[in-house]
Amino acid sequence: MDDEVERLKSLLLRMADVDVSSDVYNDHLRTVLFHELHRLKAEEDLRKRLRSLQGQVERLGARDPDFDMKRFMDEGWE
């Protein structure tokens, strides 16, 4: 590990008065790591879903330049 990272980690643990050998610390660390892995996985899943949607949009073809969204929406309310 980088010396600066190690120094910052030690400083943070000292300031937070954390006993790194305690089970509470290990449980907390485990939970934090699990949540971070879950967040990264969800982000990856979102990218896959977006790629799929973007592919569907591309298959619809080019947008009609004469389409009037306001008129379309107004007609939907009538």
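List of remarks:
- Scan of the stretch 11-68 for residues that are in a helix (DSSP H, G or I) and either touching a Pro at 6+ places or on another chain (Cβ under 7 Å) or of a type in the set (Lys, Arg) (or both), ordered by number: 14, 30, 39, 41, 47, 48, 49, 51, 59
- Given (1) surrounded by 10 or more Cβ atoms within 10 Å (Cβ to Cβ); (2) modelled with pLDDT of 85 or more; (3) basic (Lys, Arg), index of the condition residue 9 fails: (2)
- Screening 30, 14, 63, 59 for residues that are among the basic types (Lys, Arg) and either surrounded by 10 or more Cβ atoms within 10 Å (Cβ to Cβ) or touching a residue at least 12 places away in the same chain (Cβ under 8 Å) (or both) leaves exactly one candidate, 30.
The values are calculated or read from the model by the stated rules, or taken from the named source; none is laboratory data. The model shown is predicted, which means the values in this text are computed figures rather than measured ones. Virtual Cβ from ideal backbone geometry, glycine too; neighbours counted across all protein chains shown.
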